[in-house]
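Some notes on the structure that comes next.
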Amino acid sequence: MGINIYETATMLEALRQTPPVHTFLRDTFFNNPKFAKTEKALIDIIKGGVSAAPFVAPRVNGVLETRRGYTTNEITTPRVAPKRVLTGEDLEKRQPGDNTYTTKSPDQIAAEMLMQDLIEMDQEITLSEEWLCAKVLLGSSFDITEYDESGKEAGTFNVDFGFTNKISVATAKKWTAEGVNPIEQIEEWIEKNILTKSSATPDIILLDPDAGKTFANNSFVKEIIQLRAQAGSFAEAQYKGRGVTSYGRFTKYGIEVVSYSNIVKANGVAEQLLPKGTCIIAQSGSGNITYGAITQKENGKWVKYMEKRVPKYSVDDEKEIDTERLASRPLPWMPDVDSYVVATGVC
């Protein structure tokens, strides 16, 4: 018996063999995937760093200590499910790359369109994940708008991880103000807001595009860049792709400063993922992303999947319509909410 390319298991394997779609925020901070057995994820949020173990006197068995505090939250993972329809009219059209006199059968064309649709829907879901990652990193509570099959708003639900490690920069302390040294500011934020609260080791300073330009044009930063150039070090900003520009390593901790530009349309609005004036100091790889389970009807039975992406192909011979859908339930989160700091209004 031949392989049925429209079965979920076959499409899942095809997706696994497809080169992954890379995005900056998810791949940098939330690259630890986890899988929930239901649509709800249990999120353990830790507050407080690791203390040094106490020294004990002779013949003392030990010193009783308390464990790090944490709170457990049960959060419904948001469901993303783009869907496409395939009709006979679609199969009659010339496909990209085909010549006018193609000899491909309708089934061959349908199979190619299925794979292309899965790739494109995977890219769409990845953008939704990147939007979620940005919202979590920014630290504020945020709303997720849900839509019905017609594209109309069906409701919203709020996500709030209780993040409090925020700094609102006063006008006199903005990086555009005279005499303000952003490097000293960042060092102070690291020491007061991360190192005294968490065991995290920040290794990236993330800025929005405007904050990146403001940082590079600050007189104190320009002086360091000029000294590096005179010493023969490469001091120019470098574009690394995917919207990321590196300005080099700064502060006494030698942390890389990067800006990130990515405009994503979410909830019907096109927006820069990082708002103007944002500075996030964090440790790469410190976040998780939990995928909720997807349950769907197949061949008269309910089937549950714990996967990043779950495809489904439905056939309606009466209406001569095939429907393909790709579903996912991603929820990025930071286990230690004191492991990073978010400053707003730097420019």
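Bear in mind that the values in this text are calculations on the coordinates, not laboratory data. As the structure is a computational prediction, the values presented were derived from the model and not from experiment. With ideal geometry, Cβ positions are generated from the backbone for all residues, glycine too; neighbour counts draw on all protein chains shown.
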Counting GluC sites (Glu not before Pro) as exposed when in a DSSP loop with at most 12 other beta carbons within 10 Å, what is the longest stretch of the chain free of them? 66-148
Environment charge of V303, counting only residues whose C-beta is closer than 10 Å and scoring Lys/Arg +1, Asp/Glu -1: +3
According to the square roots a ≥ b ≥ c of the eigenvalues of the Cα gyration tensor, what is the shape class of region 183-302, taking rounded for a/c under 1.5, prolate for a/b larger than b/c otherwise, and oblate for the remainder? prolate
What is the P(r) of region 244-347, as percent of Cα-Cα pairs per 10 Å bin from 0? 11, 25, 28, 18, 12, 6, 1
Once the other residues with Cβ under 10 Å from the Cβ of K197 are scored (Lys, Arg +1; Asp, Glu -1), what is the net sum? 0
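Contour minus end-to-end for E271 and A229, with contour as 0.36 nm per residue of separation and end-to-end as the Cα-Cα distance?
Numbers: separation 42, 0.36 × 42 = 15.12 nm, distance 3.58 nm.
Result for the pair: 11.5 nm of gain on full extension.
Need one number: the % of Cα-Cα pairs in the chain sitting beyond the 28 Å mark. It would help to have the intermediate numbers written out before the result.
Working: 32536 of 60031 pairs.
In whole percent, the long-distance tail amounts to 54.
From the helices alone, meaning DSSP H stretches of at least four residues, give me the mean residue ellipticity at 222 nm for the chain, per-run term -39500 (n - 2.57), in deg cm²/dmol to the nearest 500.
Details: 7 runs with 84 residues, N = 347.
Theoretical 222 nm ellipticity from helices: -7500 deg cm²/dmol.
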To the nearest 20 Debye, how big is the dipole of the chain about its Cα centre, given +1 on the beta carbon of each Lys and Arg and -1 on that of each Asp and Glu? 1400
